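The values are calculated or read from the model by the stated rules, or taken from the named source; none is laboratory data. Keep in mind that this is a model prediction, so the values were computed, not measured. Quick reminder, even Gly has a Cβ in these numbers, built from the backbone with ideal geometry, and neighbours come from all protein chains shown. Accessible surface areas use protein heavy atoms only, side chains included; no ligands, DNA or RNA. Shrake-Rupley method; radii C 1.70, N 1.55, O 1.52, S 1.80 Å.
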Amino acid sequence: QVQLVESGGGLVQAGGSLRLSCVASGRTFDINAIGWYRQAPGKERELVAEISSGDSTKYGDSAKGRFTISRDNAKNTVFLQMNSLKPEDTAVYYCNAWDEFCSGYGCSRDDYWGQGTQVTVSS
């Protein structure tokens, strides 16, 4: 099991910045990747950014060029620096981690989620 605790959300004006943090605990050594998803009212949850155990990164289209994901391995913490925020970035942001175990029968992935943190961008 992996436990995730987010912080750093809040209210910001358009064009402003926020930095989200997510602290992981538990079986963190098995994590394949950790990152952020977001969900706006009436919309599906979408990938914002993800960083793998090998430090490769992946960004959703909405985040490219504006958001940066990074990690502090010593503190089991991942950060999401969000710049040039827009009202359409308003959503609940969830920290996500996943691990995967493979055998001769195939692979099984487990996802872990934080409780979410609200980000609201005013116009």
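Per-structure values
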| quantity | calculated |
| --- | --- |
| From phi via Karplus (6.51, -1.76, 1.60), per-residue ³J(HN,Hα) for region 29-46 in Hz, x at Gly/Pro | 6, 8, 5, 7, 7, 9, x, 10, 10, 9, 9, 8, x, x, 10, 7, 5, 10 |
| For K75, solvent-accessible area (1.4 Å; no DNA, RNA or ligand), Å² | 140 |
| Cβ-based charge dipole, the chain, positive-most Cα from Y105, V23, T90 | T90 |
| ³J(HN,Hα) computed for each position of region 81-88 - Karplus, 6.51 cos²θ - 1.76 cosθ + 1.60, integer Hz, glycine/proline x | 8, 10, 10, 6, 5, 10, x, 6 |
| Lysines with Cα under 18 Å of K43, excluding same-chain neighbours fewer than 8 positions away | K86 |
| With every protein chain in place, the chain: carbon and sulfur % of accessible area (1.4 Å) | 47 |
| Net charge dipole size for the chain [Lys, Arg +1 and Asp, Glu -1 on Cβ; Debye, nearest 20] | 320 |
| Length-normalised contact order of the chain in % [C-alpha pairs under 8 Å, at least 6 apart] | 35 |
| In region 29-92, GluC sites (Glu not before Pro) in a DSSP loop with at most 15 other beta-carbon atoms within 10 Å | E44 |
| Of every Cα-Cα pair in the chain, the percent that sits beyond 25 Å | 22 |
| Aspartates and glutamates whose Cα lies under 17 Å from that of K75, excluding same-chain neighbours fewer than 8 positions away | E6, D30, D55 |
